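In what follows, a single structure is set out as structure tokens and then discussed.
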Amino acid sequence: MAIEIIEKPFPVAGVVFAWAMPISGDGYEIPLFEIADALENPDISVWLHLNLSNSQIQRWLENTPLIPERVVEMIQEGVNLSRLERIEKLNDCLLMVMNDFQQEFGEESGDSSLGTLWAIVTPRLMISLRNNPLRTTDKLRYDLRGGQLNPASAIELFHELLDLRAEHLRTLLAHLSEDMDDLEEKLLKGREFPEHENLGRIRIQCSRLRRHFSPELIALHRLLKRLPYWFSDEDKNRLNDDLDLLSYLVQEISSLYDRAKVLQDEQAAHVAEFNAKNLQVLSVMTVIFLPMTLITGVMGMNMEDLPGLKGSFYEVMVIMSITGAAVYAALKLKRII
């Protein structure tokens, strides 16, 4: 894909990070005011991490010849393509809408709030766009600055992005699995019931993760069948590895969801058994005290001082018997007893 010279100055205000990957290796961070020159240099590959909420970046996307107009239209529509099981391949450009974990400062690493990351990949350029800070892209740029990663091309950098996201997902699932182990241990010991809120939270998180990552897995499988021509055999093999890892993680999500569901059912059964035992004790106590209550009530009736009921003890007892028989017949007729 031929890259034309950019006439307008690059909007540095919306740049989160820029990284250069020379053919010779030893990548480096690009100063903001040198980004335009780096994009024109055919000897280096570039990663641009941009803030999509910045209006200058939005205008630059509309005017730049680096990516097709159709890709820009899809981004402007704001459609989460991964949920529609789609990855767009247009000429030399690959657009993937990824699910990533939001960077909530001060929150625990086990947080599973998801955000959207647009990744545009060409033979020597990767542009990532997001509205809010995301964990994977932040971790990627920290590793690049620290020298832990040294990709030689845009597609290799894209694989590193997928690997880091999978690693964070695996860490999150490990934390959820540990929480599930603790809840199962509590239930097996029978000393106390696991907190319903914690169990419900795990199940909701697993449901959300499966709902987002399963369609993305299908989209990656479809991409593997129609890869761009500039994907080498090594890139194809690495994408296969990424798919295998994501498939395993999606299975782990489903397994955790099923464990949470079984544990909720088991907890409900334990609660029902506990309530049944309490009701049985109350029923036995009621049966024990019923004769005493009946005798006390009958013998305690004082009808001598009531007008019209003097000397009518036996008549009142007959009325009580008829009323009791009528209630019993009604319950029997409705098959309640």
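The values are calculated or read from the model by the stated rules, or taken from the named source; none is laboratory data. Not measured: the values here are computed from a predicted model. Every residue, glycine among them, receives a Cβ derived from its backbone with ideal geometry; neighbour counts consider all protein chains shown. Remember, those area values only see protein heavy atoms, side chains included, never the ligands or the DNA or RNA. Shrake-Rupley method; radii C 1.70, N 1.55, O 1.52, S 1.80 Å.
Springs between alpha-carbon pairs under 10 angstrom, Gaussian network model over the chain: which of GLY147, GLY300, GLY324 fluctuates most?
GLY324
Per-residue ellipticity at 222 nm for the chain, helices alone: DSSP H runs ≥ 4 residues times -39500 (n - 2.57), over residue total, nearest 500 deg cm²/dmol? Could you put the intermediate results ahead of the total?
On the way: 8 runs with 190 residues, N = 337.
Taken over the chain, the calculation gives -20000 deg cm²/dmol.
Which of PHE213, PHE274, PHE101 moves most in a GNM of the chain, Cα contacts under 10 Å?
Most flexible of the set in this elastic network: PHE274.
Can you tell me the accessible area per residue over the stretch 11-69, all protein chains present, probe 1.4 angstrom, in square angstrom? Present the calculation step by step, with values, prior to reporting the outcome.
Working: 2690 Å² over 59 residues.
Computed with neighbouring chains in place, this is 46 Å² per residue.
Please figure out what share of the DSSP beta bridges in the chain is antiparallel and state it in percent, rounded to the nearest 5. Write out the running numbers ahead of the final one.
Numbers: 26 of 32 bridges.
Among the beta bridges of the chain, antiparallel pairing accounts for roughly 80 percent.
Enumerate the amide H contacts of PHE101 below 5 Å, restricted to partners 5 or more residues apart or on another chain; note that Pro and chain-start residues carry no placed amide H.
Hits under the 5 Å cutoff: GLY115, ARG135, THR136.
Using a Gaussian network for the chain with springs between C-alpha atoms less than 10 Å apart, which of these wobbles most: LEU169, LEU294, LEU90?
Its mean-square fluctuation being the largest, the pick is LEU294.
Using a simple charge model, +1 on the beta-carbon of Lys and Arg, -1 on the beta-carbon of Asp and Glu, nothing else, what dipole does the stretch 158-242 show about its Cα centre, in debye to the nearest 20? Numbers along the way, then the final one.
Numbers: 15 positive and 18 negative charges, 117 e Å.
Here the stretch 158-242 has a charge dipole of around 560 debye.
Ignoring solvent entirely, what values of log10 I(q)/I(0) come out of the Debye formula for the stretch 171-279 at 0.18 Å⁻¹ when each Cα is a single scatterer?
With one equal scatterer per Cα and no solvent, log10 I(q)/I(0) is -0.88.
At q = 0.12, 0.16, 0.23 Å⁻¹, what log₁₀ I(q)/I(0) does a Debye calculation on the Cα points of the stretch 87-178 give, no solvent, two decimals?
Those come out to -0.40, -0.69, -1.24, one per q.
Give me a comma-separated list of calculated 3J(HN,Hα) values for the stretch 208-218, in order, Karplus coefficients 6.51, -1.76, 1.60 applied at θ = phi - 60°, integers in Hz, x for any Gly or Pro.
5, 5, 5, 5, 8, 8, 5, x, 5, 4, 5
Dividing the alpha-carbon Rg of the chain by 2.2 N^0.38 Å yields what? Don't jump to the answer; show the numbers that get you there.
On the way: Rg = 34.3 Å, N = 337, 2.2 N^0.38 = 20.1 Å.
Ratio of Cα Rg to 2.2 N^0.38 Å: 1.71.
Would you please give the FRET efficiency between GLU185 and TYR248, computed as 1/(1 + (r/R0)^6) with r the Cβ-Cβ distance and R0 = 25 Å, to the nearest 0.05?
Values: r = 25 Å, r/R0 = 1.01.
So, using R0 = 25 Å, E works out to roughly 0.50.
Might you tell me the accessible area per residue for the stretch 182-253, computed with a 1.4 Å probe and given in Å²? Can you show the working numbers first?
Details: 4300 Å² over 72 residues.
Result: 60 Å² of accessible area for each residue.
Can you figure out the FRET efficiency of VAL262 with LEU290, using R₀ = 56 Å and their beta-carbon distance, to the nearest 0.05? All intermediate terms of the calculation are to be shown ahead of the outcome.
Working: r = 41 Å, r/R0 = 0.74.
The pair VAL262/LEU290 has a calculated efficiency of 0.85.
State in Å² the accessible area per residue of the stretch 116-157; use a 1.4 Å probe, count heavy atoms of protein chains only, and round to the nearest integer.
Numbers: 1360 Å² over 42 residues.
Per-residue value: 32 Å².
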